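Asker: I'd like to ask you about the structure that follows.
The values are calculated or read from the model by the stated rules, or taken from the named source; none is laboratory data. Worth saying up front: this structure is predicted, and the values here are computed from it rather than measured. When we count neighbours, we look across all protein chains shown, and the Cβ atoms used for this are built from the backbone with ideal geometry, even at glycine. Each accessible area value is taken on the protein alone, full model and side chains, heavy atoms only, with ligands, DNA and RNA left out. Shrake-Rupley method; radii C 1.70, N 1.55, O 1.52, S 1.80 Å.
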Amino acid sequence: GKVYRIGFLLPPREAGGRPHLDGFRKGLREFGYVEGKNVAIDVRFAEDDLSRLPGLAADMVRQNPDVIVTASPPGVRAVKDATRTIPIVIAAVDDPVGQGFVESLGRPGGNITGLSVQYEDTIPKLLELIKAVVPSTTKIAVLKTVDPSHDIFVTRISALSRPMQIQIVPIEV
């Protein structure tokens, strides 16, 4: 049978992205896809250097995989700029419509589909839970990386936390 070729592009260092890749491989096995038998995965990590993503995406496209899986807005943007024909699966990003990756969640259009993380739906509830467990909470640290989408997330969570008198303190890791 056919061996399906999957490109897998992630911005972090290999050590940070390895759990995602391991989970992806496990999921494939659960559906009968086994590396070396009926699927081949071409993995690229940007090693936390977002400027490497366009080159890695272009190189991956030249390999002509059946599909490319990526995560994070910079990863999606790099792959989207590299191909309009190879299917792209977003592992998870916040607001793919607002970021211009897809036309709508119901009808993405183009060659991109995947998962959307809608923080506006869950963050208020998480903040309520934190306040219920620790009513004296006035500050919450939020870990972020150099990915510009994380700045957008911090801005959103800060706006959602203000009515509860909770200050968000971003910490870059």
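Asker: Which helices count as membrane-span-like in the chain under these terms: full DSSP H, at least 15 Å along the axis by C-alpha, Kyte-Doolittle mean of 0.0 or more?
Answerer: Once both thresholds are applied, what remains is 119-133, 148-161.
Asker: Let me spell out the model: positive unit charges on the Cβ of Lys and Arg, negative unit charges on the Cβ of Asp and Glu, origin at the Cα centre of the chain. What dipole size does that give, in debye rounded to 20?
Answerer: It works out to roughly 280 debye.
Asker: Compute the distance in nm between two label points, each set 7 Å from the Cα along the Cα-to-Cβ direction, one at LYS139 and one at ARG13.
Answerer: 2.7
Asker: Looking at region 93-173, which GluC sites (Glu not before Pro) are DSSP coil and have at most 15 other C-beta atoms within 10 Å of their C-beta?
Answerer: Of the GluC sites (Glu not before Pro), the ones in loops of region 93-173 whose Cβ has at most 15 other Cβ atoms within 10 Å are GLU103.
Asker: Sticking with this one: Taking N as the number of residues in region 1-87, what is its Cα Rg relative to 2.2 N^0.38 Å?
Answerer: In units of the 2.2 N^0.38 Å rule of thumb, it is 1.05.
Asker: Give me the percent of accessible area attributable to carbon and sulfur for the chain, probe 1.4 angstrom.
Answerer: Within the chain, the accessible surface is 58 percent carbon and sulfur.
Asker: If you don't mind, another one. What number, in percent, do you get for the relative contact order of region 1-150 if the mean sequence gap of Cα pairs under 8 Å and at least 6 apart is divided by its residue count?
Answerer: So the answer I get is 21 percent.
Asker: If I model a spin label as a point 7 Å beyond the Cα along the Cα-Cβ vector, how far apart are those points for ALA58 and VAL154 in nm?
Answerer: Inter-label distance under the simple model: 3.1 nm.
Asker: Can you tell me the order of 129-139, 106-116, 144-154, 64-74 when each peptide is scored by its average per-residue count of other Cβ atoms within 10 angstrom, highest first?
Answerer: Descending mean neighbour count gives 64-74, 144-154, 106-116, 129-139.
Asker: For labels at GLU35 and VAL169 in the simple 7 Å Cα→Cβ model, what's the distance in nm?
Answerer: 4.0
Asker: Given H placed on each backbone N at 1.01 Å, which residues far from ILE68 in sequence or on other chains put an amide H within less than 5 Å of it?
Answerer: GLY7, ILE88, VAL89
Asker: Rolling a 1.4 angstrom probe over the protein heavy atoms, how many square angstrom per residue are accessible across the chain?
Answerer: 57
Asker: Please report, largest first and rounded to whole Å, the three semi-axes of the ellipsoid equivalent to region 61-113, where each semi-axis is the square root of five times an eigenvalue of the C-alpha gyration tensor.
Answerer: Square roots of five times the eigenvalues give 17, 12, 9 Å.
Asker: Taking region 36-122, which trypsin sites (Lys or Arg not before Pro) meet the DSSP loop condition and have no more than 12 other C-beta atoms within 10 Å?
Answerer: When the trypsin sites (Lys or Arg not before Pro) of region 36-122 are filtered for loop state and at most 12 Cβ neighbours within 10 Å, LYS37, ARG84 remain.
Asker: Percent of alpha carbon pairs in region 19-173 separated by more than 22 Å?
Answerer: Above the 22 Å cut-off, region 19-173 has 52 percent of its Cα pairs.
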